[in-house]
Amino acid sequence: MNTKIQIPSSLSEITLKQYKKFLKVQKNVKEEKFLNAKMIEIFCNIALDKVMLLKLKDSQEIISILSNMFNEKPKLVTRFKLNKVDYGFHPQLDELTLGEYIDLDTFIGDWENMEKAMNVLYRPVTIKLKDKYNIDDYKLGTEVALIDMPMDAVMSSIFFLWSLGLDLSKIMTNSLEQEETEILTQYLSSQESGVGINQFMDSLKGTLEGLKISLN
């Protein structure tokens, strides 16, 4: 029996929601063959019983295609559309507010809440002129929509921060008022809470390592 299946051609066709779903399965399932089937089910939007009807060689080819997507280093996605809304990557990271920095630092390495980190980095575009644009002010509670954002934007933004070697502490101290800077300094140097720029970069590194889908 032939089973029709639509294979994503790039990470732009895979959502953060799908990836998070797969991570949960990957965490709990150790049997490789079943994990292969779940990968196809989740990323190709096909029922598991239909996956089981695929020819073995076809399923292996699909797994290879999907796995290779997550091993590529994507170019930074600065704009994408989601539910008819145009989202843009934060155009001025040197103007992050204290609240934005803390939320980005808190959630960038937490896949359970990755959409909250993405809510700092990507916002609805308010004004655009050719390649220039402004984004909406940072708002809590609006990250729900970003659960369906494309994975190429998620991965590329994480790669961008890591490859840039972004020293957010210096950026913040150059842009905040004195009182806010003192608060940030205490936040970055806190040992009890385990936060700070080193932890931020470690979180990025761990997140990057976790992005690669491993079936071994």
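What follows draws every value from the coordinates through simple rules; no lab data is involved. All values reported here derive from a predicted model rather than from experimental measurement. Note that each Cβ is placed from the backbone with ideal geometry, even for glycine, and that neighbours are counted across all protein chains shown.
Let me know the Kirkwood hydrodynamic radius for the stretch 11-69, please, with Cα pairs as the basis and the value in Å to one decimal. Across the stretch 11-69, the inverse of the average 1/r is 11.7 Å. Taken along the Cα-to-beta-carbon direction at a fixed 7 Å, the label points for residue 131 and residue 6 span 3.3 nm. Taking amide H as placed 1.01 Å from N in the peptide plane, the amide H of residue 79 sits under 5 Å from that of 89, each at least 5 places away or on another chain. Across the stretch 1-34, the residues whose backbone nitrogen lies under 15 Å from the label position 7 Å along the beta-carbon direction of residue 65 are 3-14.
Close amide-amide hydrogen proximity is noted between residue 135 and 126, each under 5 Å apart and 5 or more residues distant or on a separate chain (H modeled in the peptide plane; Pro and chain starts excluded).
What list do you get for 111, 162 if you sort them by fewest beta carbons within 10 Å? Don't jump to the answer; show the numbers that get you there.
Numbers: 111 18, 162 15.
Going from least to most buried by this count: 162, 111.
Here the simple spin-label model places points 7 Å from the Cα toward Cβ, and for residue 94 and residue 20 these points are separated by 3.3 nm. For the stretch 19-30, backbone phi angles converted through the Karplus equation (6.51, -1.76, 1.60; θ = phi - 60°) give residue-by-residue couplings of 5, 5, 5, 5, 4, 5, 5, 4, 5, 9, 10, 10 Hz, Gly and Pro being listed as x. Taking amide hydrogens as placed 1.01 Å from N in the peptide plane, the amide H of residue 149 sits under 5 Å from those of 16, 17, each at least 5 positions away in sequence or on another chain.
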